[in-house]
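The structure appears below as structure tokens.
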Amino acid sequence: MNRTVIGLNLKYFLNSIIGAVVGFICLFLPYASKDGQTISLITGAGHILAADNKPALSIIIIFLILFTVLSLALAVFNIIKTTVVGYKAWQCVQALSTAFWVFAMFSTKTILEGVGVYSNFLNRYLTFGYWIGLVAAFVTLIYIMKVTQTDRGYIALTIMSVIWMFPILWIVLTALREEPGYYVGYFFPKHLTLKNFAALFAEDSVIPFTKWWINTFIVAMFACVLNTFVILSTSFILSRTRFAGRKAFMNILMIIGLFPGFMSLIAVYNILKGLGINQSLVALIVVGVAGAAMGYHISKGFFDTIPKAIDEAAIIDGASRAQIFFHIILPLSKSIIVYQALGAFLGAWSDYIFPSMLFGDKQSSYTVAVGLYWLTDFRRIDAYYTQFAAGAVIVAIPIVILFVWLQRFYVEGLSGSVKG
């Protein structure tokens, strides 16, 4: 980057310098205050270095100070000698500094309690020195990215990703936490273990998690196959044929779909009870398949994009509607098949409302959603919360694998329907 570019971005350059200076000053401002005892990040680092048994997370405070100081040093370097490499290095260092300012929010309690500075520390004891430094770190990074002409959308995406990933990270860390209990008051576990996962599958466990997982897998697989077939068949008929009452039928399905499904739960449950199949997986599969046709809209839109001339040519050659559907339309619709199958699988895999009503107290028929919620009852949550978190992680694994594996087809299925 030459001086001409710096001249064009002089305002952003000066603002980034100011931000780096403010971040450095915040290292000496009050960082935390409790019971009349106030410390800065620098004094906090002194307590950390002087402690005999310091938590492993103490490295976050050390790196926060290190990268903040290094950011200011690179700012001075770029004032003296402006280079592309220097600016890119400053941007990377500032990004790391910003990350450690964020990490400090979740680790300060463990660090300061671990080195004996405070006890029963809460984030509300963090003072203006920390919050100004956190804001200054983000602002500095944004201005540096403006100078380097880097897309600042990455900042917004990063912030949103942190917000979205926070509950997931919390569950994963809780699943790995050795300390029992529902609420522990800190984010990062003091001790990590895999025993919570092992306890779910132990033969002497009071939690039949393996049975719940198998039940859920059976229901999800039947839903994946049967629901997808019903939806695609309905969509094909509504897309390729014209018959009396077609418009009225489509309007009725659309109107029914506007009402929440739980409005009919009581009636459906009483019907199943009258048939004698309540509290069974068969009932859950039958109800799911029975209502699958109402989800025809997206796949019908996709089928509408396939030229009807293909059907007409096949009919001239003597093909039936069934042959056209199975041998022509479906091979051309791999993306929408994957989209519908994935949606049907995920819906059955994570369904809770109807299974919780259907199974009642019959634990042997529980799905994982119902079983994991059973663990959060006030009589069990404190003893089984970490196992609940471990179960939630295990339940999420198949969904993550499916999305990673089938993401391309999933997107293509949506884009195909949009073109119609």
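Quick look at the values:
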| read-out | value |
| --- | --- |
| Degrees between helix 265-275 axis and first principal axis of the chain (Cα, 0 to 90, nearest 10) | 50 degrees |
| Given (i) 81, 63, 33; (ii) 60, 46, 44; (iii) 83, 66, 52, the label whose value is Cα extents along the principal axes in Å derived from this model | (i) |
| Within-13-Å neighbourhood charge of GLY391 [Cβ basis; K, R +1; D, E -1] | +2 |
| Span from the the range 329-383 Cα centroid across to the the range 12-74 one, whole angstrom | 46 Å |
| For ALA32, residues with placed amide H under 5 Å, excluding near neighbours | ILE39, THR127 |
| Protection proxy ranking of 213-221, 63-71, 235-243, 176-184 - average other beta-carbon atoms within 10 Å, highest first | 63-71, 213-221, 235-243, 176-184 |
| Top of CYS92, CYS26, CYS224 by mean-square fluctuation, Gaussian network on the chain, Cα under 10 Å | CYS92 |
| The chain, helix-only ellipticity at 222 nm - DSSP H runs n ≥ 4, -39,500 (n - 2.57), divided by all residues, nearest 500 | -22000 deg cm²/dmol |
| Principal semi-axes in Å for the range 3-193 [√(5λ), Cα gyration tensor, largest first] | 33, 19, 13 |
| Taking N as its residue count, the alpha carbon Rg of the range 231-303 over 2.2 N^0.38 Å | 1.30 |
| FRET efficiency, 1/(1 + (r/R0)^6) with R0 51 Å, evaluated for LYS273 and TYR182 via beta carbons | 0.90 |
| Volume in Å³ per residue [convex hull over Cα atoms, computed for the range 126-174] | 85 Å³ |
| For the range 209-419, average projected area of the Cα convex hull in nm² | 14.0 nm² |
| Whole-number percent relative contact order across the range 3-193, with pairs defined as alpha carbons under 8 Å at least 6 apart | 29 percent |
| Long-range lysine pairs (8 or more apart or interchain), the range 3-193, Cα under 26 Å | 11 |
| Residue-by-residue Karplus 3J(HN,Hα) for the range 106-123, coefficients 6.51, -1.76, 1.60, Hz, glycine and proline x | 9, 10, 4, 4, 4, 5, 5, 6, x, 8, x, 6, 10, 10, 6, 7, 10, 5 |
| Separation between Cα centres of the range 112-180 and the range 301-315, rounded to whole Å | 53 Å |
| Label point distance in nm, ALA322-ILE252, each placed 7 Å from Cα along Cα→Cβ | 2.5 nm |
| Nearest 10 degrees, 0 to 90: helix 209-222 Cα axis against the chain principal axis | 50 degrees |
| Ranked packing of 186-192, 284-290, most packed first, by mean Cβ within 10 Å | 284-290, 186-192 |
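Values in this text are rule-based calculations from the coordinates and carry no lab data. Worth saying up front: this structure is predicted, and the values here are computed from it rather than measured. Counting neighbours? That spans all protein chains shown, and the Cβs are built from the backbone with ideal geometry, glycine included.
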